[in-house]
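Asker: Pasting a structure here, questions to come.
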Amino acid sequence: MSSSAPTPAPPSRSPSPSPPPSPSPPSVPSTRILFRVSDGRTAIGEFPQSTTLAEIRQYAQKHLHMDPRTTDISKRMPARALDFDLDASTLEELGLVPTGTLLLCSWEQRQKELKESEAKRRREQEESGLFLHDRWDLMGPRA
């Protein structure tokens, strides 16, 4: 009889441990912007802090139907006009994080407001009975 050595059992194939779950990508810091439009409308949008002012103008055009060429955008606190030369600036650079308020005023709306204001001023003058030319007649030289 020949003695044969027992053959070693093949190594057991236990399931390999699953790789650890990959960490979820860090969330992108965002900022919430309140839009106040000169015609009384308001809207709220949430944007990554890296959003540029140019992208905000595009948002206002698409969602608020504001023509970026004829719309003034200003920051409420501290008050500051956001001109086209700042279009490459991010919300973070503009100090609009974590929240901010932007005022949007259409030039057409502003012109309408100025005309209404002027008409109101004239009505008030007419109602008071004193006109600018009357003041000159009262104070000016007499011929």
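Asker: Residues of the range 86-112 being charged (D, E, K, R) and either in contact with a Leu (Cβ under 6 Å, 6 or more places away or on another chain) or under 18 Å from residue 76 (Cβ atoms) (or both), which ones?
Answerer: 87, 92, 93, 110
Asker: Tally the residues that are without any contact (Cβ under 8 Å) to a residue 12 or more places away in the chain and either surrounded by 12 or more Cβ atoms within 10 Å (Cβ to Cβ) or in contact with a Cys (Cβ under 8 Å, 6 or more places away or on another chain) (or both), restricting the search to the range 85-96.
Answerer: Counting residues in the range 85-96 that are without any contact (Cβ under 8 Å) to a residue 12 or more places away in the chain and either surrounded by 12 or more Cβ atoms within 10 Å (Cβ to Cβ) or in contact with a Cys (Cβ under 8 Å, 6 or more places away or on another chain) (or both) gives 1.
Asker: Further question on the same structure: Which residue pairs have Cβ atoms closer than 8 Å, lie 6 or more positions apart in sequence or on different chains, and pair a first residue in the range 65-83 that is in contact (Cβ under 8 Å) with a residue 40 or more places away in the chain and surrounded by 13 or more Cβ atoms within 10 Å (Cβ to Cβ) with a second residue that is charged (D, E, K, R) and in a loop (DSSP other than H, G, I, E, B)?
Answerer: As it stands, the answer is none, since no pair meets every condition given.
Asker: Assuming residue 40 fulfils every condition listed in (1) on the phi > 0 side of the Ramachandran plot; (2) open to solvent by 90 Å² or more (accessible area, probe 1.4 Å) apart from one, which condition is it?
Answerer: So the condition that residue 40 fails would be (2).
The values are calculated or read from the model by the stated rules, or taken from the named source; none is laboratory data. Computed from a predicted model, the values in this text were never measured in an experiment. Virtual Cβ from ideal backbone geometry, glycine too; neighbours counted across all protein chains shown. Quick note on the areas: whole protein, heavy atoms, side chains included, nothing else; ligands and nucleic acids left out. Shrake-Rupley method; radii C 1.70, N 1.55, O 1.52, S 1.80 Å.
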